[in-house]
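**Student:** Take this structure first; my questions come after.
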Amino acid sequence: MRKVGIGTRVMNFLVDTTIIFIITYIVYKIWNFNVFYYHIPYYPFYYFMALILFLYYLVFESINGRTVGKLLTISRVANAAGGKPSFFQILIRSLIRITVIDCFFIPFLNMPLHDFLSKTYVVDYEKKAPSK
């Protein structure tokens, strides 16, 4: 199990954040159309951003341990033993990500807060050989 470097993590972040922003923008525009025509409650953009960010990471990482960014950089999320993290670990990761303070812990912990609290790591993807 080899942890990925900072460059891979930055690339993961940029790809995933771009996808999340595009999805959020589309959902927000559709919602605002309905606000105008059907008089449903208005919610600010950041509500949608937080919800979609949470759901994006929760769904993708709980299904196969990889988001689109991790798929492109050939990396995955792993637990301390190198296996697939539990749903609870992914839930903790996803909840901590929507907080503003997540990235400020990198200089002190040498990892983001969501990795530290969930006891997970982003590692190189290793395809397992079929057993004989």
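**Student:** Can you work out ³J(HN,Hα) from phi for every residue in region 101-112, in order, using Karplus 6.51 cos²θ - 1.76 cosθ + 1.60 and θ = phi - 60°, giving whole Hz and x for Gly and Pro?
**Tutor:** 7, 3, 6, 6, 8, 4, x, 8, 9, 6, 6, x
**Student:** What is the sum of charges around F105, taking Lys and Arg as +1, Asp and Glu as -1, for the other residues whose C-beta is under 15 Å from the C-beta of F105? Don't jump to the answer; show the numbers that get you there.
**Tutor:** Details: positive: R9, R93, R97, K119; negative: D102, D115.
Here the count lands on +2.
**Student:** If neighbour count is taken as other Cβ atoms inside 10 Å, put I90, I30 in order from fewest to most.
**Tutor:** Fewest to most other Cβ atoms nearby, the residues stand as I30, I90.
**Student:** Still on this structure, I have one more. Rounded to the nearest whole Å³, what is the per residue volume of the convex hull around the Cα atoms of the chain?
**Tutor:** Convex hull volume per residue, Cα atoms: 123 Å³.
**Student:** Give the aspartates and glutamates reachable from K119 as a straight Cα distance under 20 Å; neighbours fewer than 8 places away on the same chain don't count.
**Tutor:** Correct list for K119: E61, D102.
Each reported figure results from applying straightforward, stated rules to the coordinates on display, with no laboratory input. Since the structure is predicted, the reported quantities are computational estimates derived from the model, not experimental observations. Cβ coordinates were reconstructed from backbone atoms using ideal geometry, including for glycine residues, and neighbour counts include every protein chain displayed.
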